[in-house]
Each structure stands twice: as structure tokens, then as C-alpha cells.
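Take a look at the structure below.
Every read-out reported here was derived from the displayed coordinates using simple, explicitly stated rules and does not represent laboratory data. From a predicted model like this one, the values you see are computed outputs, not experimental measurements. Glycine gets a Cβ as well: all are built from the backbone with ideal geometry, and neighbour counts include every protein chain shown.
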Amino acid sequence: MRGAGIGQERRHGAAVLARSAIGTRSTPASSHDGGGLAPRSGALYQHFKGGKEELLRCAIEHELTAIDELGSVMEMLPLGDLRAEFTLLARWNLGSLERRSELARFVRRDVARLPPELRDELYDRLVGRPYEQVVTWLEGRFKGASGKPDLHAVALVLVESISAYHSLRRTFGRTPDGVDDERFTAAWAETALSVARRYGIDERP
């Protein structure tokens with residue numbers, strides 16, 4: 001069962017690098033021993049034919065697969081109540097941002113040094129696909145809208161405002177007037193609803 005053992009070691013190696021290269025500023029050479037797969041020993045790389053780059057890809061994939069798929073949330077919609085739907089999306093997004101905070105920190109810090117193909121894949125997985133899912137949902141909800149809202153721009157404003165709030169709270173450990181997740185989510189849903197009302201969309205269609 002040598003192949004199964006190699007696969008297990010590859011997965012464990014990816015987790016080790018995810019903790020070292022993604023989770024902190026430490027390099028693979030300076031990270032701790034990962035159960036016999038310490039990067040400094042070279043054992044970590046022996047099952048990755050592509051060397052460090054392949055291992056980095058595996059580490060990033062390890063982090064990405066740990067993120068709940070937005071599609072599973074979208075399948076719960078519609079709820080018949082637009083406020084409830086906006087609230088659900090905001091809460092899911094905040095939870096997802098928290099779960100992938102280490103990956104986000106790594107991307108902000110090191111994305112310029114990644115191979116172009118890996119940068120493109122990260123953009124697609126972290127930005128492109130989720131935004132298209134949100135826009136597709138908005139298109140369905142704004143189908144009877146008066147006027148033609150730029151839903152890609154609307155999605156960008158709505159989603160990135162959640163990211164900015166989360167980043168502020170993570171960076172400083174506080175927010176203006178101590179706004180917490182519940183207050184932010186309620187205000188965010190109300191703001192999103194005001195956009196919908198602007199185009200004649202009812203809260204409970």
C-alpha cells in the first residue's frame with residue numbers, strides 16, 4: 001500500500017506547508033517539524049515531483065478546500081424574504097472570511113511572488129467564481145427591476161464592504177463604536193435592501 005502512504009504524506013506535507021508558508025511569515029526552512037516531515041529535512045519535498053512550487057500549490061489547495069462552497073448556501077435560496085437572504089449571505093461571508101483569514105493574509109503578502117498561473121487560479125477561486133455566483137443570484141432577484149443596475153458593480157460594493165469590515169476588526173481588534181457582527185450584518189442587509197428598493201424590488205416578492 002505504498003501509494004496510499006505517499007498520498008497520505010503528500011496531504012500531511014501540504015498541511016505542514018499551509019501552516020508554515022501560509023499561516024506565518026516563516027519560510028519552509030524555519031518551520032517546525034511536522035511529524036517527521038520537517039521542511040528542513042527535505043523529506044517534505046520528496047513526494048512532490050514539482051518541488052517547492054508543487055508543494056505550495058498543494059498547500060493552497062488544502063486551504064481552499066477547507067472553505068465552505070458558496071454554492072451550498074446559494075442552493076438554500078430563495079427564502080421568500082429578501083432581507084433574510086441578504087442576512088444569510090452576509091453571515092456566511094463573514095464566517096468564510098474568518099476561516100480563510102490565514103490564506104487571505106498570505107495572498108496579500110506574497111501574491112506578487114507567485115507564478116502567474118497560480119495567481120490566476122487564486123483569483124478565479126477566491127474572486128471570479130464566487131462573484132459570478134452572487135451576480136447570477138442578483139440577476140434572478142432583480143429580474144423585474146425598473147432600470148438596469150450594474151449588478152457586477154453592486155456585487156463588488158456589497159461583498160468588499162464585508163471584507164473591509166472583517167479586515168478592520170482582525171487588524172485592530174475593534175471597530176468604530178464597537179460595531180459587532182450582528183450590528184454590521186443588520187446594517188449591511190438594510191443597505192442592500194435600499195439598493196433593491198431603488199429599482200422597485202420588493203422585500204417579500
Exercise. Go ahead and collect, in residue order, the members of segment 95-111 whose backbone nitrogen is under 14 Å from a label point 7 Å along the Cα-Cβ direction of E160.
Key: none
Exercise. Please report, in cubic angstrom per residue, the volume enclosed by the convex hull of the alpha-carbon atoms of segment 68-198.
Key: 117
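Please work out the FRET efficiency for the pair R83 and R125, using the Cβ-Cβ distance as r and a Förster radius of 35 Å; give the result to the nearest 0.05. If you can, show how the numbers build up before the last one.
Values: r = 29 Å, r/R0 = 0.84.
Between R83 and R125 the formula returns 0.75.
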Quiz prompt | Chain lengthening between T175 and E75 when straightened (0.36 nm per residue, less Cα-Cα) | solution = 32.8 nm
